[in-house]
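Working notes, beginning with the structure itself.
The values are calculated or read from the model by the stated rules, or taken from the named source; none is laboratory data. Quantities reported herein were computed from a predicted structural model and do not represent experimental measurements. A quick note on method: Cβ atoms are made from the backbone with ideal geometry, for glycine too, and the neighbour counts reach across all protein chains shown.
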Amino acid sequence: MRQVEVVEDEEMPLMLIAQLANKELVAYYDEAISIDLKKELAANLFEIGFPKVDPLLNVLQSYHLDHEVVHYKTYIFPSQPSKDMSVTCLSKHDPNVKAFGFDGFAENVYALERAGSILSACVSTRENVKCGEAWVYTDVAYRHQGFAQKVVSAWAGSLMDAGKVPFYSHKLENTASANLAGRLGLRPVFEEIAITQI
C-alpha cells in the first residue's frame, strides 16, 4: 500500500482510500490531520484492507471527528466511442444549458434537445489539459431511451479527439450509473472511499 500526503485544495477529504485495478491500495490524507491520527488510520487500513472502513471510522470517532463516507467507482473508455449526429455541442452560456442547470461546469455541453429543451446532457464536472470527468443527467421523463449513452459517448469522443482521457465515475450505490457504465463498455480503473469531516 502506498501512502501519499497530498492536499491540492480545501475540498480534500480527511482520508481518501483508492483501490486500483491491480488491487494496490493508495491512501491520501488531509494535511490538517495530526501525525498520530494518520499513523493510527494507516495501521488500521493495512490490517483491514479495502473496502472495510468501520475500524477507520471508530478511530475518527475516538478523535471526536464527525465524518461522512462515500464510495465511488471510476472507469475509463477502452476505445473511441461512436459518434451520434443527434447530439449537439452547446456552450455553457446557451440559455437552454442554463435552464437545464449545466452552466456551472465546463465550456462544452453535449446535449440531446427536442422542441427547444434539453432532454439529456453530459459535461465535464472537472477537466484539465490531460483528462476530464463526466457529469450526466437525463430528464426523468426521458430516461430508459438510451439518451445518456449518446451524450456521454459524444462527450468522451470529444475529449479523446483533444488527446485527453475521459473518466466516468459514480457512487457505488447508484445502480443507474453503474448500468450506464456497463452499456458503454467502460473499464473499471479504481474504486475510492472518501471520508470527509462534517
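A few remarks follow.
- Listed by first and then second residue, the pairs linking a residue in region 141-160 that is under 24 Å from C131 (Cβ atoms) to a residue that is of a type in the set (D, E), with Cβ atoms under 7 Å apart and 6 or more places separating them unless they lie on different chains, are K150/D84; S153/D84; A154/D84.
- Residue in region 66-80 that is loosely packed, with under 15 Cβ neighbours inside 10 Å and farther than 30 Å from G132 by Cβ present: yes
- Residue within region 88-102 that is touching a Ser or Thr at 6+ places or on another chain (Cβ under 9 Å), modelled with pLDDT under 95 and not small (G, A, S) present: no
- The one condition in (1) in contact (Cβ under 8 Å) with a residue 40 or more places away in the chain; (2) farther than 30 Å from I17 by Cα; (3) surrounded by 21 or more Cβ atoms within 10 Å (Cβ to Cβ); (4) not β-branched (V, I, T) that F100 fails to fulfil: (1)
- Residue count, region 142-192 (criterion: touching a Pro at 6+ places or on another chain (Cβ under 6 Å) and of a type in the set (V, I, T)): 0
- Among the residues of region 155-166, those that are out of contact with any Gly (no Cβ under 7 Å at 6 or more places or on another chain) and either buried (at least 20 other Cβ atoms within 10 Å of the Cβ) or of a type in the set (D, E, K, R) (or both) comprise W155, A156, S158, D161.
- Region 1-31, residues that are out of contact with any Lys or Arg (no Cβ under 9 Å at 6 or more places or on another chain) and at pLDDT 85 or above: P13, L14, L16, I17, A18, Q19, L20, N22, K23, Y28, D30, E31
- Residue match in region 129-140 (condition: farther than 26 Å from I17 by Cβ and among the hydrophobic types (A, V, I, L, M, F, W, C)): yes
- Meets criteria (under 16 Å from the mean Cα position of the chain (by Cα), closer than 21 Å to G104 by Cα and either at pLDDT below 95 or of a type in the set (A, V, I, L, M) (or both)) for V152: yes
- Scanning region 162-173 for residues that are touching a residue at least 40 places away in the same chain (Cβ under 8 Å) and either closer than 18 Å to A106 by Cβ or among the polar types (S, T, N, Q) (or both) gives V165, P166, F167, Y168, S169.
- Odd one out for N58, checked against (1) surrounded by fewer than 18 Cβ atoms within 10 Å (Cβ to Cβ); (2) not in a helix (DSSP H, G or I): (2)
- Tallying residues that are within 13 Å of Y168 (Cβ to Cβ) and among the polar types (S, T, N, Q) within region 122-146 yields 2.
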